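Below: the structure, in structure tokens.
The values are calculated or read from the model by the stated rules, or taken from the named source; none is laboratory data. All of these numbers come straight from a predicted model, not from anything done at the bench. Glycine gets a Cβ as well: all are built from the backbone with ideal geometry, and neighbour counts include every protein chain shown. For accessibility, only protein heavy atoms count, side chains too; no ligands or nucleic acids. Shrake-Rupley method; radii C 1.70, N 1.55, O 1.52, S 1.80 Å.
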Amino acid sequence: MIKGIPASKGIGIGKALVYKEAEDSNKFAGRKVTETEIENEISRFKAAHEATGKKLDETKIKASKVLEEKDLQLFEAYKMVLNDPILNDMVLANIKTQLLCVEASVLEAVGKIKAMFLAINNEYMKQRAEDVENVGNYILDALLGRERIDLSHLEEDTILIAKDLTPADTVGLDKKHIKGFAIEKGGETSHTAIVARTLEIPAVVGCGENIMNISSGDSLILDGETGIVIINPKATEFEEYSAKFLKHSTEAEEIKQLRDKSAETRDGIRVELVGNIAKPEEASSVLEKGGEGIGLFRTEFLYLDRSQLPTEEEQFQEYKKVAESMGGLPCIIRTMDIGGDKQMKSLHMPAEENPFLGYRAIRICLNEIEIFKTQLRAILRASVYGKLKIMFPMISGIEELREAKKILGEVKAELNEKNIPFDQSLKIGIMIEIPSAAMIADLLAKEVDFFSIGTNDLCQYTLAVDRMNEKVSYLYNPLHLGVLRLIRNIIEAGHQAGIKVGMCGEMAANIENAVILLGLGLDEFSMVPSSIPYVKRAIRNITFEKAKQIAENVMKMENTKQINDYVKERLYAD
Ligand code: PEP
Ligand code: MG
């Protein structure tokens, strides 16, 4: 048995698939060989070329079971690129005249051909550039002996085991066949964990190195609530967990009945219960679970895992989809929050020592103004199809906020000039997720229409605990009094300025935490759709007076364990 950090509730029972990280070919860039090695490099290239051809044929046969004929044409396009003399001559010339090793030669040639295609600025050529990059990766796979696993097409009842999964990998998992995943790294509020909760995939993170000792084909039970992974379980364990699985499913069925009920306390105080999404298609699950709007659309997922930035039109279509599917309910669209654990290929951002403290979110937008303006234009244009609001992430001070608002003002003026319609009264808000912003919440509140507290980051910055690092995850606790005092300050400052204060950090999705937040006066609770019914039930089962009293007492306590125990006792004792 391996114990990790519980990241996404649910029991998974299935067979292990061990996903080994691909060796990073970029480390070969510019690597030289001696003249005596040239022949060997050339024969390695020829062998890799042949192997790639075979691999493409095999992959096409496998894909033909799930893809339509028109989608299979992609493999023909890849074969053409593979056999293109320009690519092959360039690689061979790099080896012979530049004395580059074969991996470096492929990287160099692919980079050059890609740049040539991208210089001709049209969609068709962009697609060709992507093809060349993909074929280059196939050749490098063959050279480095990398095994590819297509995460979007898995065998039935798969439990994925990996060192790490990126948020983009997780979004792309084969939802039908995956029964859970367990990874060596990560924390509870990493975006990989958040995506797993959104997609309702049971998950355990931060399992440590031992998880990689599991072999593909091992039988596994994974409990996303306790963070336990059992390898080749006994019959009694199967029985125990199958019963647990059934209990979860029954509770989920029962709680569905709350769907059309409001999030109102027993003494009539109503709050807003809304959902966090990363893709427009997830808006429907917010409604299914009884949410009354979107409190956070993480738009950066439109930018991840692709080599070109999404165009204004593409983004417009996505925001329009969200607006329309929510049928007039409020939807907060957060401008892109790239950086940290969400890296974007198309920006070619160099690796940073401390990515969460680095070039991220609004900082990128204020530097790459055209990228920012493109997104703002798309959101504004979509605003006529529903009730959209715009939210800026990672605001650390007043100047940054004013700069973002100024650029938004320019985009609005440009649209007005061209008579392009948008919601002129669209509300603007910010995330409060940096301690400096929490401390000056009174000043920031005068500049915006709403706040949304991002505790995932607020916690890591306040407590100096990397949200991704399993070694310090025991210190990551939103019930630390330091965090709670900041939250109280933000809510009070917001209310004094007459604006609503919500929370879209994961803290709001936990029942005990939600009761404290209710008592502190939070107006809007935003969370992964699957948590909505459980928090709704907790709010409907308590009076606001009692929640207020609990919060008041909590604010006088000294340590998180005392707070945790006290809230549990008050909630479940009577
Ligand atoms: C947060 O920081 O709490 C938040 C909601 O934003 P993200 O998790 O995307 O950083
Ligand atoms: Mg954040």
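Using the structure shown, decide if ARG197 is touching a Ser or Thr at 6+ places or on another chain (Cβ under 6 Å) and assigned to a loop (DSSP other than H, G, I, E, B). Walk me through it before giving the result.
Numbers: touching a Ser or Thr at 6+ places or on another chain (Cβ under 6 Å): yes; assigned to a loop (DSSP other than H, G, I, E, B): no.
No.
Might you let me know whether the range 263-284 holds any residue that is touching a residue at least 60 places away in the same chain (Cβ under 8 Å) and part of a helix (DSSP H, G or I)?
Yes: one or more hits.
Looking at this structure, is LEU329 open to solvent by less than 30 Å² (accessible area, probe 1.4 Å), modelled with pLDDT of 95 or more and out of contact with any Pro (no Cβ under 9 Å at 6 or more places or on another chain)?
no
Would you mind telling me which numbered condition in (1) of a type outside the set (Gly, Ala, Ser); (2) surrounded by fewer than 16 Cβ atoms within 10 Å (Cβ to Cβ); (3) more than 16 Å from ligand 1 (Cβ to nearest atom) ASN354 fails?
With (1) of a type outside the set (Gly, Ala, Ser); (2) surrounded by fewer than 16 Cβ atoms within 10 Å (Cβ to Cβ); (3) more than 16 Å from ligand 1 (Cβ to nearest atom) applied to ASN354, the lone miss is (3).
Report, ordered by the first and then the second residue, all pairs with beta carbons closer than 9 Å, sequence separation of six or more or different chains, a first member in the range 398-411 that is assigned by TED's automatic domain parsing to the domain that holds GLU433, and a second member that is hydroxyl-bearing (Ser, Thr, Tyr).
Short answer, once both residue conditions are applied: ALA404/THR335.
With the condition kept exactly as written, say whether any residue in the range 353-363 is more than 16 Å from ligand 2 (Cβ to nearest atom), assigned by TED's automatic domain parsing to the domain that holds GLY275 and either farther than 27 Å from LYS321 by Cα or more than 19 Å from the chain's Cα centre (by Cα) (or both).
Yes, there is a match, as at least one residue in the range 353-363 is more than 16 Å from ligand 2 (Cβ to nearest atom), assigned by TED's automatic domain parsing to the domain that holds GLY275 and either farther than 27 Å from LYS321 by Cα or more than 19 Å from the chain's Cα centre (by Cα) (or both).
Among the residues of the range 425-466, what is the count of those that are within 23 Å of LEU481 (Cβ to Cβ), charged (D, E, K, R) and more than 13 Å from ligand 2 (Cβ to nearest atom)?
Going through the range 425-466 one residue at a time, the tally reaches 2.
If LEU518 passes every condition in (1) open to solvent by 30 Å² or more (accessible area, probe 1.4 Å); (2) more than 19 Å from ALA438 (Cβ to Cβ) but one, which one does it miss?
Of the numbered conditions (1) open to solvent by 30 Å² or more (accessible area, probe 1.4 Å); (2) more than 19 Å from ALA438 (Cβ to Cβ), the odd one out for LEU518 is (1).
Which one of these is assigned to a loop (DSSP other than H, G, I, E, B), over 29 Å from SER531 (Cβ atoms) and among the acidic types (Asp, Glu): GLU370, GLU352, GLU292, GLU313?
GLU352
Examine the range 335-343 for a residue that is β-branched (Val, Ile, Thr), open to solvent by less than 30 Å² (accessible area, probe 1.4 Å), away from ligand 2 (no atom under 16 Å from the Cβ) and modelled with pLDDT of 95 or more, and state whether such a residue exists.
We begin by selecting, within the range 335-343, every residue β-branched (Val, Ile, Thr); these are 335, 338.
Then keep just the ones that are open to solvent by less than 30 Å² (accessible area, probe 1.4 Å); that gives 335, 338.
With the extra rule that they be away from ligand 2 (no atom under 16 Å from the Cβ), the set shrinks to none.
No, that holds for no residue.
So, GLU103, is that one closer than 17 Å to ASN26 by Cα, among the acidic types (Asp, Glu) and open to solvent by less than 60 Å² (accessible area, probe 1.4 Å) or not?
It is true that GLU103 is closer than 17 Å to ASN26 by Cα, among the acidic types (Asp, Glu) and open to solvent by less than 60 Å² (accessible area, probe 1.4 Å).
Check ALA382, ALA378 and return the single one that is touching a residue at least 60 places away in the same chain (Cβ under 8 Å), open to solvent by less than 30 Å² (accessible area, probe 1.4 Å) and either assigned by TED's automatic domain parsing to the domain that holds ALA129 or out of contact with any strand residue (DSSP E or B) (no Cβ under 7 Å at 6 or more places or on another chain) (or both).
Just a single option satisfies the conditions, and that option is ALA378.
Can you name the condition, by its number, that ASP218 falls short on among (1) out of contact with any helix residue (DSSP H, G or I) (no Cβ under 9 Å at 6 or more places or on another chain); (2) within 16 Å of ligand 1 (Cβ to nearest atom)?
(2)
Given GLU251, GLU225, which one is closer than 18 Å to ILE178 by Cβ and open to solvent by 40 Å² or more (accessible area, probe 1.4 Å)?
Only one candidate passes the filter, namely GLU225.
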